1. By average Cβ neighbour count within 10 Å, what is the ranking of 61-72, 77-88 from highest down?
2. Quick one: if you stick a label point 7 Å off each Cα along the C-beta vector at Arg187 and Ile59, how many nm between them?
3. How big is the charge dipole of region 1-100 about its Cα centre, in debye rounded to the nearest 20, if each Lys and Arg gets +1 on its Cβ and each Asp and Glu gets -1 on its Cβ?
4. Given all pairs of different Cα atoms, what value in angstroms does the Kirkwood hydrodynamic radius of region 143-194 take?
5. Pick out, from Ile59, Ala79, His29, the residue whose Cα sits farthest towards the positive end of the charge dipole of region 1-95, with +1 on the Cβ of Lys and Arg and -1 on the Cβ of Asp and Glu.
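Just so it is clear, none of the values below were taken in a lab; they were calculated from the coordinates. Keep in mind that what you see is a predicted model, and the values were worked out from it rather than measured. All Cβ positions, glycine included, derive from the backbone under ideal geometry; neighbour counts span all protein chains shown.
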Amino acid sequence: MQTDWSDERLMLAYRAGDADAFTLLYRRHRGPLYRYLARQCGDPTLADELHQDVWLKVINARSQYEPLARFPTWLFRIARHRLIDHYREHARHLLVHYESGADDAEEGDELIERLPAASEEMPHVLHERHDTARRISLALDELPPLQREAFLLAEEGGLTLDEIAVATGCGRETTKSRLRYALGKLRTNLRDLL
């Protein structure tokens, strides 16, 4: 059954014309990919647009796909390149946006709205969850961009150290350092939650 297939096997099946294989790939990776894009760009509307663009690139590249790396490495590399292209195209607009001091709290609220909340939970539990999510969001925002990227590729993308190095085009030791520093800063900022 296809649900047991690896991502790479599904992509090869999709390359051969099996649309159901693409559906399974999309279901497996849509959430982590969207979260990666949303955390990197900080704008849910833009993340939606980039998310669609990345999947269109996957669709358009299917005939050339070769499983030279794990599928998530290939997918997140496409996503990273799409983000870079977007930043290049809109550099002037982004500079104005960051200089205007966009409200980080709004971004945290969007993350919190996506948290599942059971109706039987007590208000203090929901408040705690809301506060925890906001603190995590702010701690991620405080990371330097390259450290945040490495951390999100590991956490959201499930990429290994070597796969992150391939996806970002930098050395393994540089990637390892970025992850180590990111984790250290997150531990420091979220010490009381651990």
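1. Values: 61-72: 14.1, 77-88: 16.7.
Final packing ranking: 77-88, 61-72.
2. About 4.4 nm separates the two model spin labels.
3. Values: 15 positive and 13 negative charges, 42 e Å.
For region 1-100, the charge dipole is close to 200 debye.
4. Working: mean 1/r = 0.0911 Å⁻¹.
Here the Kirkwood hydrodynamic radius works out to 11.0 Å.
5. Projecting each Cα onto the dipole axis, the largest value belongs to Ala79.
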